[in-house]
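A.B. asks: Starting off with a structure, shown below.
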């Protein structure tokens, strides 16, 4: 059912468009309930929404939690949610970038342990600012520990050095 169109005004949204918008806000509300406290504090939400989210986190009943999330969605339809959506998106993007950097350091560590000096040379060719002797020493010590079946302390040190050197922030 469409609202009456007033000549000279933009076309009003259809019922389906309104439902899609409401579902989108509802999904955002559910993300906020699952988000850490630090994220909520950074968003500076209105007090009613913040309190409703805190209450939802304490609810253990599945049905009651669903109703509370719907209530949060209803409250959020009254405010501009784009800044919240952008903030959550940037936080998610930062989390993905951090995971990508972590996996890159893991791949280099595993490659260095498997290939030795050849991998260190490839690493230095890829990132010329690295301290080559440091990585050669860490790599050889980690390979010796691996060959002897000892603890993986040197491999962890190699990973830490890779994480710091490959991902300067």
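Since every read-out is calculated from the coordinates, none of them should be taken as a lab result. The model shown is predicted, which means the values in this text are computed figures rather than measured ones. Note that we place each Cβ from the backbone using ideal geometry, even for glycine, and neighbour counts take in every protein chain shown.
A.B. asks: Report, in degrees rounded to the nearest 10, the 0 to 90 angle that the Cα long axis of helix 153-166 makes with the longest principal axis of the chain.
C.D. replies: 60 degrees
A.B. asks: If you take Cα extents along the principal axes in Å from the coordinates, which of (1) 50, 32, 32; (2) 41, 40, 31; (3) 76, 44, 25 do you get?
C.D. replies: So the calculated entry is the one marked (3).
A.B. asks: What share of Cα pairs, in percent, lie more than 22 angstrom apart in the stretch 15-86?
C.D. replies: Every Cα pair in the stretch 15-86 considered, those over 22 Å come to 17 percent.
A.B. asks: If all Cα-Cα distances of the stretch 99-166 are sorted into 10 Å bins from 0 onward, what percent lands in each bin, rounded to whole numbers?
C.D. replies: Histogramming the stretch 99-166 at 10 Å steps yields 23, 59, 17, 1 percent.
A.B. asks: Express the relative contact order of the chain as a whole percentage, based on alpha carbon pairs under 8 Å and six or more residues apart in sequence.
C.D. replies: 16 percent
A.B. asks: Hey, can you rank 8-19, 91-102 by average C-beta count inside 10 Å, highest first?
C.D. replies: 91-102, 8-19
A.B. asks: Also, quick follow-up: Modelling each spin label as a point 7 Å along the Cα-to-Cβ direction, I'd like the residue 140/residue 20 distance in nm, to one decimal.
C.D. replies: Placing both labels 7 Å beyond Cα along the Cβ direction yields 6.3 nm.
A.B. asks: What's the angle, to the nearest 10 degrees (0 to 90), between helix 15-34's Cα axis and the longest principal axis of the chain?
C.D. replies: 50 degrees
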